[in-house]
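Each remark here refers to the structure printed beneath this line.
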Amino acid sequence: MSEGRQIRITGIHTVGVPVTDQDRALAFYTDTLGLETRMDAPVEQLGGRWIEVAVPGAATTIALVPADKEAPAGTETGIRLTAADVPAAHEELKQRGVEVGELLSWEGVPPMFALRDPDGNGLEIVE
């Protein structure tokens, strides 16, 4: 460890998800998943906008960033969202035409399922 002051990380602000169409992604994350828009500002250097969405009341956001060759769309994000009733959320998203995986339920483990956003980015919903 280097000498001097220690860096103190105090939280996670945002997780970036690469998308090919920011308007379509924003509609999916807000209208379909129920997240709220926290920021939507043009950023010329990105070739698009800086958009952050979040679960209402949550500190951590998801940034819907323009996909490029270094960060292509269609990735496994590692993001785990939560819902109070995962079986109901699974059924509702399925009815809305969202690509959802099998509802998984093991003894001692909360129910969960995978889903894909319109760009094929993978997320999970866990109870």
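Please treat every number below as a calculation from the coordinates, not as lab data. Please read these numbers as outputs of a predicted model, since none were measured by experiment. Don't worry about glycine lacking a Cβ; one is built from the backbone with ideal geometry, like all the others, and counts go over all protein chains shown.
The table below lists the values:
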item: Net charge of Cβ neighbours under 10 Å - reference Thr61; Lys, Arg +1; Asp, Glu -1; result: -1
item: Cβ-Cβ FRET estimate between Met39 and Trp106, R0 fixed at 41 Å, reported to 0.05; result: 0.65
item: Mean Cβ neighbour count within 10 Å, used as a protection proxy, ranking 48-55, 6-13 highest first; result: 48-55, 6-13
item: Label of the coordinate-derived value, log10 I(q)/I(0) by the Debye sum over Cα atoms at q = 0.15 Å⁻¹, listed as (i) -0.74; (ii) -0.64; (iii) -0.86; result: (i)
